[in-house]
Amino acid sequence: MAFLIKSMVGNQLKSFGFGDSGEEKKESGETSDPAAAAGMTREEYEEYQRQLVEEKMERDAKFIQKKAERATVRVHLREKYRLPQSEKDDNQIQMAADDIELPEDLQKMVVEDQDEEEEKGTIFGQIQNIPNMDMDAIKEKATATFTEMKQAAEEKCCVM
């Protein structure tokens, strides 16, 4: 019974313009053409879509570049501290196709690390790494011994 009343009253209201049949027609027309929905012509809409795709490609390229730079830093740190290498980092570096440029700060750090490694490679650098070793006392002792030897040689030698 409620169904009968609703259908009779509902049909009457729709005929007076209170129904949503007109809105349904508008909505179906809008979904068929996205350019019209955006308020643009078809050409403008296609150009807009091309620009979006280009911008996305640029963002993706920059993202890959940054990932490769970070991977390079990780590889350097792993080499420095003799940690196992990661295949993931190697893959990220290869994806960037050797277009990796480290920032100046990181390049300076790499150069400083290489200089430190070279210094540690010398005998003097190895001696400094020995624990409980007072390098200043050793230097003073060496210079004192040298001056004593020089004075002793001068006393014995008539030419000096």
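For this structure, a couple of remarks:
- Criterion violated by Ala142 - all others in (1) over 38 Å from the mean Cα position of the chain (by Cα); (2) of a type outside the set (Asp, Glu); (3) at pLDDT 85 or above; (4) open to solvent by 90 Å² or more (accessible area, probe 1.4 Å) satisfied: (4)
- Residue within the stretch 53-64 that is at pLDDT 65 or above, of a type outside the set (S, T, N, Q), under 18 Å from Ile100 (Cα atoms) and surrounded by 11 or more Cβ atoms within 10 Å (Cβ to Cβ) present: yes
- Taking the numbered list (1) within 19 Å of the chain's Cα centre (by Cα); (2) modelled with pLDDT of 85 or more in turn, Tyr48 passes all entries but (1).
- Residue match in the stretch 90-99 (condition: free of Cβ contacts under 8 Å to residues at least 60 places away in the same chain, outside any helix (DSSP H, G or I) and open to solvent by 90 Å² or more (accessible area, probe 1.4 Å)): yes
Here's the yes/no breakdown for (1) closer than 30 Å to Ala96 by Cα; (2) surrounded by 10 or more Cβ atoms within 10 Å (Cβ to Cβ); (3) at pLDDT 75 or above:
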| site | (1), (2), (3) |
| --- | --- |
| Ser21 | no, no, no |
| Ala37 | no, yes, yes |
| Val73 | yes, yes, yes |
| Lys80 | yes, yes, yes |
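- Neighbours by Cβ (under 8 Å, 6+ apart or cross-chain): first from the stretch 53-82, assigned to a loop (DSSP other than H, G, I, E, B); second open to solvent by 100 Å² or more (accessible area, probe 1.4 Å) and not hydroxyl-bearing (Ser, Thr, Tyr): none
The values are calculated or read from the model by the stated rules, or taken from the named source; none is laboratory data. None of the values given here were measured: they were computed from a predicted structure. In this analysis, Cβ positions are derived from the backbone assuming ideal geometry, glycine residues included, and neighbour counts consider all displayed protein chains. Ligands, DNA and RNA are stripped out before the accessible areas are found, and what is left, the full protein with its side chains, is counted by its heavy atoms. Shrake-Rupley method; radii C 1.70, N 1.55, O 1.52, S 1.80 Å.
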